[in-house]
Amino acid sequence: MSRPMHDKAWPRILPFALFMAVIGLEEGLRFLDNKGWISIQESALLLLCPLKPLAALIVLVLLRRAYAELRWADLARLGPTLGAIGLGLAVFVLWINMDWTYGALSEPPGFNPHVFPDGVLRWSMIAVRMAGAVLVVPVMEEIFWRSFLLRYLINPAFAKIPLGAFTWPSLLICALLFGLAHHFILAGIMAGLAYAWLLYKTKSLAQCVLAHGVTNLALAVYVLHTGQWIFW
């Protein structure tokens, strides 16, 4: 007997939901601090950052058997893998060079590790931030956006829809929502369209994770080199 659709949906939703819940907690505390209703240091708020990828990682590991569509063996295909790497770098280049006059909710606070004193704590926070952005977030987001939501928008019985099935409404709605989930909306829409295109071409969620991870790795290196913390 096949599993009910909700049994297949929640493992793909829960890691993302927990990640967003911690973001909501951080933003809520920052809002209260700005209003003067509480007093909290920026360094204390940034200490919540490791909690976001950690919560998602725990769920991803515990529910790893539920993600049958994530086939890491796909990365052994040299051509698509090189293409995914190239796409990830292209998204990074566009992300840092797009016109930010439009499509920004607000200037994000960013993650500036220099609020911590130089030493073990600062470098530990940098390492955790990079590991989360490169290793956890791409898996969590691609499972939610490209595996679950892109198919759910075609049919709520999403598991019956082949991975990489295309419709214009699902592509555009998913890309728009992906953009709205980021401070820089237009850049997020661009990235959502790019990763979805890669899925349509390769039918491989692992290639999307790779491209997403490459984008985030390049962005992390760029931010650390330039100090453009708003991109982090």
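Any read-out appearing in this document is the output of simple, stated calculations on the displayed coordinates, not a laboratory observation. What you are looking at is a predicted structure, and each value in this text was computed from that prediction instead of being measured. A quick note on method: Cβ atoms are made from the backbone with ideal geometry, for glycine too, and the neighbour counts reach across all protein chains shown.
Given their separation in residues at 0.36 nm each and the Cα-Cα distance between them, Asn34 and Leu78 gain 10.8 nm when the chain is fully extended. Below 20 Å, Cα to Cα, which aspartates and glutamates can Lys160 reach? Residues fewer than 8 away in the same chain don't count. The reachable aspartates and glutamates, counting only those whose Cα sits under 20 Å from Lys160, are Asp7, Glu69, Glu142. Phi angles of the stretch 160-171 translate, via the Karplus equation with coefficients 6.51, -1.76, 1.60 and θ = phi - 60°, into HN-Hα couplings of 7, 8, x, 4, x, 5, 10, 9, 4, x, 5, 4 Hz per residue; Gly and Pro are given as x. When the label point is put 7 Å from the Cα of Val115 along its Cα-to-beta-carbon vector, which residues of the stretch 31-67 have a backbone N closer than 17 Å? In the stretch 31-67, the label zone of Val115 (backbone N under 17 Å from the point 7 Å along Cα→Cβ) covers 31-53. Between Leu54 and Ile96, the FRET efficiency estimated from the beta carbon spacing at R0 = 35 angstrom works out to 0.80. Against the chain, whose longest principal axis comes from its Cα atoms, helix 185-202 is set at around 30 degrees. Restricting the stretch 32-141 to chymotrypsin sites (Phe, Trp or Tyr not before Pro) that sit in a DSSP loop and have at most 11 other Cβ atoms within 10 Å of their own Cβ leaves Trp37, Tyr102. Extension gain for the segment Ala17 to Asn155, taken as residue separation times 0.36 nm less the Cα-Cα distance, is 47.6 nm to one decimal. Within the listed set His212, His182, His114, the residue fluctuating most in the Gaussian network model of the chain (springs between alpha-carbon atoms under 10 angstrom) is His114. With no solvent and one point on each alpha carbon, what is the Debye value of log10 I(q)/I(0) for the chain at q = 0.08, 0.11, 0.13, 0.18 Å⁻¹? For the chain, the Cα-only Debye profile gives -0.30, -0.58, -0.81, -1.48. Compared with the dominant Cα axis of the chain, that is its longest principal axis, helix 5-34 is turned about 20°.
Given a 10 angstrom Cα cut-off, can you work out which residue in Leu193, Leu149, Leu63 is the most mobile in a GNM of the chain? Sorting by GNM fluctuation, first place goes to Leu63.
As a rough footprinting exposure proxy, the listed residues Glu27, Glu142 were ranked by other beta carbons within 10 Å of their own, and the order from fewest upward is Glu27, Glu142.
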